[in-house]
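Beneath this line is the structure, given in structure tokens, with notes to follow.
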Amino acid sequence: MFRLQRNTQAPTISVELSEEEADAFGAELDALRAEIVADLGQSDVDHIRSIIRWCQYSEAGGRALLHFGIGPLSFVLGAGALTVSKILENMEIGHNIMHGQYDWTRDPELDSGTYDWDNACAAENWQHYHNFEHHKYTNILGKDRDIGYGLLRVSEEQEWNPSHLVQPISALILASLFQWGVAAHDLHVDEVRPNRKSVMALYERSRPFLKKARRQLAKDYLFFPALALANAPRVFAGNMIANFGRNLWTFAVIFCGHFPDGVRIYSEEECENESRGQWYARQINGSANIEGGRLFHIMTGHLSHQIEHHLFPQIPAARYPQIAERVQEICERYGQAYNTDSFGSQLGGVARKILRYALPGPARPQATAATA
């Protein structure tokens with residue numbers, strides 16, 4: 001197993017690369033990507049198939065305990081197993097398949113074009129704003145709408161407005177309802193103007209979202225409770241807890257990978273005529289990793305390796321721990337900070353930013369990102 005070692009001599013602030021250095025930097029990362037792609041094979045398929053099986057076992061066990069169990073212990077175990085299933089399906093299975101990480105297998109069940117996850121967000125909406133907007137324009141203010149999700153101020157570069165005063169509460173609400181925040185993100189509700197044309201455009205954009213939302217609500221809160229007959233309230237509550245637990249976990253993992261201390265925000269001007277190597281540098285400086293063991297990485301969908309994911313979003317995520325040490329070594333040689341720390345430290349950094357930037361005025365924290 002690959003585990004990064006803390007290196008206190010590595011830079012905590014990245015140096016600016018010259019054009020020649022950026023080209024060389026990009027060439028090394030391109031070569032690493034080509035090496036991994038050439039090595040993809042049956043072991044990668046075996047991994048995702050194994051995760052799918054464990055997800056199905058966990059869901060079946062959780063639903064059986066909720067439907068047929070008696071007493072609080074079976075309820076806790078059932079809701080817990082269903083939560084694990086929803087996390088695995090959302091993070092390691094759905095997210096990664098819909099990124100196209102397994103399209104090379106030509107397996108219809110692993111096809112990014114047809115897979116639809118157990119989530120309120122319509123697949124086509126997510127793939128547009130996430131796969132295209134977010135990954136192409138990572139951390140470019142005005143281009144990457146994932147910076148604060150249009151709700152939170154997480155950097156001094158973002159313009160402050162009075163609604164940010166309550167963002168500690170807004171963040172808790174977003175975390176609790178995260179799948180719904182993700183689902184509504186591509187609707188551009190903030191752009192709606194008080195006229196018929198704008199409202200009709202919103203309605204048209206909302207069609208996939210409304211269709212998927214109806215399906216998810218019916219499945220979790222009508223269909224499965226109805227199957228349980230007298231145990232319907234117990235199943236309803238178990239599904240609610242599982243969705244709530246999945247929402248909190250995905251919010252924490254995603255925010256720790258994007259908004260802890262040391263993550264850089266870019267202006268549009270800085271990224272004009274950007275080369276491949278400069279794009280790679282922006283991905284690294286706009287991301288952060290979370291340290292942990294193999295099970296932790298699986299439960300995050302390997303988004304605990306957010307740096308590697310932003311560099312190579314279409315490589316199967318289970319490969320990220322394998323290449324992390326090499327990415328780190330390349331970063332060190334080119335003076336690029338490799339932001340990695342424990343889950344608690346990264347989450348604490350996110351919480352401090354949410355509190356700090358709730359207030360107006362400059363409040364840039366010092367770049368103290370822990371580096372591997």
Based on this model, can you work out whether Leu303 counts as among the aliphatic types (A, V, I, L, M) and buried (at least 24 other Cβ atoms within 10 Å of the Cβ)?
yes
Residues located in region 27-45, provided they are over 18 Å from Val327 (Cα atoms) and exposed (fewer than 11 other Cβ atoms within 10 Å of the Cβ)
Gly41, Gln42
Every residue in region 134-170 that is assigned to a loop (DSSP other than H, G, I, E, B) and charged (D, E, K, R), please.
Lys143, Asp144, Arg145, Asp146, Arg153, Glu156, Glu157, Glu159
Take Leu77 and tell me if it is in a helix (DSSP H, G or I) and buried (at least 23 other Cβ atoms within 10 Å of the Cβ).
no
Filtered residue count, region 210-266, keeping only those that are of a type in the set (Gly, Ala, Ser) and crowded, with 17+ Cβ neighbours inside 10 Å
8
With the first residue restricted to region 79-95 and required to be farther than 11 Å from Ile241 by Cα, and the second required to be of a type in the set (Phe, Trp, Tyr) and not in a helix (DSSP H, G or I), Cβ contacts under 9 Å at 6 or more apart or on different chains are Glu89/Trp117; Asn90/Trp117; Ile93/Tyr115; Ile93/Trp117; Gly94/Tyr115; Gly94/Trp117; His95/Trp117
Taking Thr8 and the conditions (1) of a type in the set (S, T, N, Q); (2) at pLDDT below 95; (3) surrounded by 14 or more Cβ atoms within 10 Å (Cβ to Cβ), which numbered condition does it fall short on, given that it satisfies the others?
(3)
Unmet requirement for Tyr57, which otherwise passes all of (1) buried (at least 18 other Cβ atoms within 10 Å of the Cβ); (2) at pLDDT 95 or above; (3) not β-branched (Val, Ile, Thr):
(1)
Quick one: in region 11-35, which of the residues that are within 23 Å of Thr340 (Cβ to Cβ) and hydroxyl-bearing (Ser, Thr, Tyr) is modelled with the highest pLDDT?
Ser14
Considering Thr114, Thr138, which residue is within 21 Å of Asn96 (Cα to Cα), more than 16 Å from the chain's Cα centre (by Cα) and not aromatic (Phe, Trp, Tyr)?
Thr114
Which pairs do you get when a residue that is at pLDDT 95 or above, found in region 36-49, comes within reach of a residue that is not in a helix (DSSP H, G or I), reach meaning Cβ atoms under 6 angstrom, with the pair 6+ apart or on two chains?
Ile36/Ile315; Asp44/Pro316
Taking region 89-114 as the region of interest, how many residues are more than 23 Å from Arg294 (Cα to Cα) and either acidic (Asp, Glu) or surrounded by 17 or more Cβ atoms within 10 Å (Cβ to Cβ) (or both)?
6
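The values are calculated or read from the model by the stated rules, or taken from the named source; none is laboratory data. A quick note: this is a predicted structure, and the numbers were derived from the prediction, not measured. In this analysis, Cβ positions are derived from the backbone assuming ideal geometry, glycine residues included, and neighbour counts consider all displayed protein chains.
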